[in-house]
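Please treat every number below as a calculation from the coordinates, not as lab data. In this text the structure is predicted, and so the values were computed from the model without any measurement. Note that each Cβ is placed from the backbone with ideal geometry, even for glycine, and that neighbours are counted across all protein chains shown.
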């Protein structure tokens, strides 16, 4: 099932005054960036846990994406270093633009983590997401069961309605912000998530 929606008026107002707007949450942040040949990682995983077999499970989302050979190299490049956060984007300094949510996939006993990735330079008033992933959680590993690497992609969960993926819809004017979104529900197919109707 697909649902098309236009940009909300509040988002348009926010887009006209980017400096007055900011992100809702703070992603994965490190306080200091040590000088080294390798990019630093967050010292702890993002808040939140899934449980499986009675054991708590959490992941370092940045490392999971870096280690996954199926993740687009452009996404990995975004996560090579934390955001620099200069000028009007000072709020993002030392921040990896990754958001996670732990959950049990509706109507299953499968625990998973949603990982949504933004672009450090994207206007926070727009839809800054560049890719979204869902990883099934095991006590000793994680397994990617869904990905969407188109601009404006974001996976979320809507209570009992289940998981969905939103994708940005752009017009012909090369705007930095999408004019709307297309929502597609996701269904568990035994081993992975699929888009409804596939």
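Some points to look at:
- Listed peptides 61-72, 186-197 by packing density, highest first (mean Cβ within 10 Å): 61-72, 186-197
- Segment residue 121-residue 156, extension gain: residue separation times 0.36 nm, minus the distance between their alpha carbons: 10.4 nm
- Taking 0.36 nm per residue of separation and subtracting the Cα-Cα distance, full extension of the segment from residue 195 to residue 179 would add 3.5 nm.
- Stretchable slack from residue 170 to residue 77, in nm (0.36 nm times residue separation minus alpha-carbon distance): 31.1 nm
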